[in-house]
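Just so it is clear, none of the values below were taken in a lab; they were calculated from the coordinates. Remember, it's a predicted structure, so these values are computed and weren't measured experimentally. Counting neighbours? That spans all protein chains shown, and the Cβs are built from the backbone with ideal geometry, glycine included.
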Amino acid sequence: MKVAFIIRPNVHTIPGGDTVQMNQTAKELQKLGVSVDIFTSDKKIDYSCFDLIHFFNITDCEDLLYHALHAKKPIALSSIYVDYREYDRHHRTGVINLLSKILPYHQIEYLKTLAKFVLKREKVSTPLYWIKGHNGSIRCILEKTTLLLPNSQNEYSRLKNDFNVNLPYHVIPNGFDPALFYENKNTQPRKGILCVGRIEGRKNQLNLIRAVNKTTYNLTLIGQIAPNQKGYYKQCLKEAGPNVKFIDYLPQHKLLHFYNQSKVHAMPSWFETTGLSNLEAAAMGCNLVIANRGDVMDYFENYAYYCAPDSVDSIKEAIESAYAAEKNDSLKEHVLSNFIWEIAAAKTLKAYIEILKHYDTI
């Protein structure tokens, strides 16, 4: 079986969870005998070389639309469908915040794409995006999709609610690499709070900083500064107390030391489909503080400590509870049993076989 993975053009310059999901899925599928070629959506692709096409991240629909219209092959879609409307409408600053109060969500996403096209010269895969709009482009991609592969049941429910989706689907949960992320039990007693994630408003590091300021907790923030969020980063620096430390982006293998020594991993994001760093931290023995938004409860159930992202007091209370608690070995076993890339790849291959059987009968 030969599969083409297609994803946004800036997946390597601005890496995110979709980068890890794509690369790790490819790695594990190849172990199962599947040939995988990875393309960014700005490349020309000879679709005839492949049995099926696998898209990643429908939120960047302007990048996938051309291929959906021209591939003429069965399509698997890892939707990675996020919803930032609460953040944009109530907590973002600037023009987007003002427009979000009067315009529908997908019109805001369309305007964001237009701004990137005009100001940053970022291309779209086809001019049809400007005609169909953001909402219409997503609908078009979904119509061309053979099988939907959301990362959780809640993600599928959001797609169904927003687009009246009636597609066959398999939930393919995100994962981590247990060969890399395993707890070193010979470390010193755990202490401190860790937050691994790109520095941007949606990740909500500023409210996390406010929650730990003037406390005895030490907070380490590790992550690349989002290119259009330098003002947010400066505000984080301005408000951070002496107990807050910033470290630039680190590759996964260099995070191990920080996961191993930290008592709590805190990620009070406005929205996460998973938060891959939460899985990694859980596997390495950290207690988790997570915002009660997005799809995270499908993964962490009652094993994590949840907070409201708009409340500094709520974040602080969740941190205090997580920090006072013993290490949660049940959380570690839960993620090891359900959320490793080997399991995700096996489910993906099963989905591919179903796709090809279905496509052959059309």
Whole-Å distance, taken between Cα centres, linking the stretch 18-78 and the stretch 236-299: 29 Å
Test of understanding: in a Gaussian network model of the chain with alpha carbons linked when under 10 Å, which of 294, 192, 231 would top the mean-square fluctuation ranking? 231
The chain, Rg to Rh (Cα coordinates; Rh as Kirkwood inverse mean 1/r): 0.96
Of the residues 46, 329, 63, which exhibits the maximal mean-square fluctuation in a Gaussian network model of the chain defined by a 10 Å Cα contact cut-off? 46
Spacing of the two label points (7 Å from each Cα toward its C-beta) at residue 321 and residue 239, in nm: 2.2 nm
Relative contact order (%) - criterion: Cα under 8 Å, at least six apart; region: the stretch 9-86: 28 percent
Measuring from the longest principal axis of the C-alpha atoms of the chain, the long axis of helix 128-144 (C-alpha) lies at a number of degrees, nearest 10, equal to 90 degrees
What are the trypsin sites (Lys or Arg not before Pro) within the stretch 51-126 that DSSP puts in a loop, where the Cβ has at most 13 other Cβ atoms within 10 Å? 72, 101, 120, 121, 123
Tilt of helix 230-239 relative to the longest C-alpha principal axis of the chain, in degrees (0 to 90, nearest 10)? 10 degrees
Given a cut-off of under 8 Å on Cα pairs at least six residues apart, what relative contact order in percent is computed for the stretch 193-338? 24 percent
Tell me, what is the FRET efficiency for residue 311 and residue 86 to the nearest 0.05, using R0 = 22 angstrom and their Cβ-Cβ distance as r? 0.95
P(r) for the stretch 97-256, please, calculated from all Cα pair distances in 5 Å bins and given in %. 2, 7, 11, 12, 13, 15, 15, 12, 7, 4, 2, 0
Magnitude of the charge dipole, the chain, Cβ model with Lys/Arg +1 and Asp/Glu -1, debye to 20: 940 debye
Given N residues in the stretch 60-163, what is Rg(Cα) / (2.2 N^0.38 Å)? 1.12
Ratio to report: Rg/Rh of the stretch 1-76, with Cα atoms as the point set and Rh obtained by the Kirkwood method; give two decimals. 0.94
Need one number for the stretch 277-362: average projected area of the convex hull over its C-alpha atoms, nm². 7.2 nm²
Report relative contact order for the chain in percent, whole number only (criteria: Cα-Cα under 8 Å, sequence separation at least 6). 16 percent
Helical mean residue ellipticity (222 nm; -39500 (n - 2.57) per DSSP H run of 4+; nearest 500) of the chain: -13500 deg cm²/dmol
Specify the angular offset, from 0 to 90 degrees and rounded to the nearest 10, of the alpha carbon long axis of helix 153-163 from the longest principal axis of the alpha carbons in the chain. 50 degrees
For the stretch 193-338, compute Rh as the Kirkwood radius over C-alpha pairs and then the Stokes-Einstein diffusion coefficient at 4 °C and 1.567 mPa s; write the answer in µm²/s, rounded to an integer. 87 µm²/s
Hits in the stretch 205-228: amide N under 13 Å from the 7 Å Cα→Cβ extension of residue 247, namely 219-224
I'd like to compare 148-156, 27-35: which one has the highest average count of other Cβ atoms within 10 Å, and what's the full order after that? 148-156, 27-35
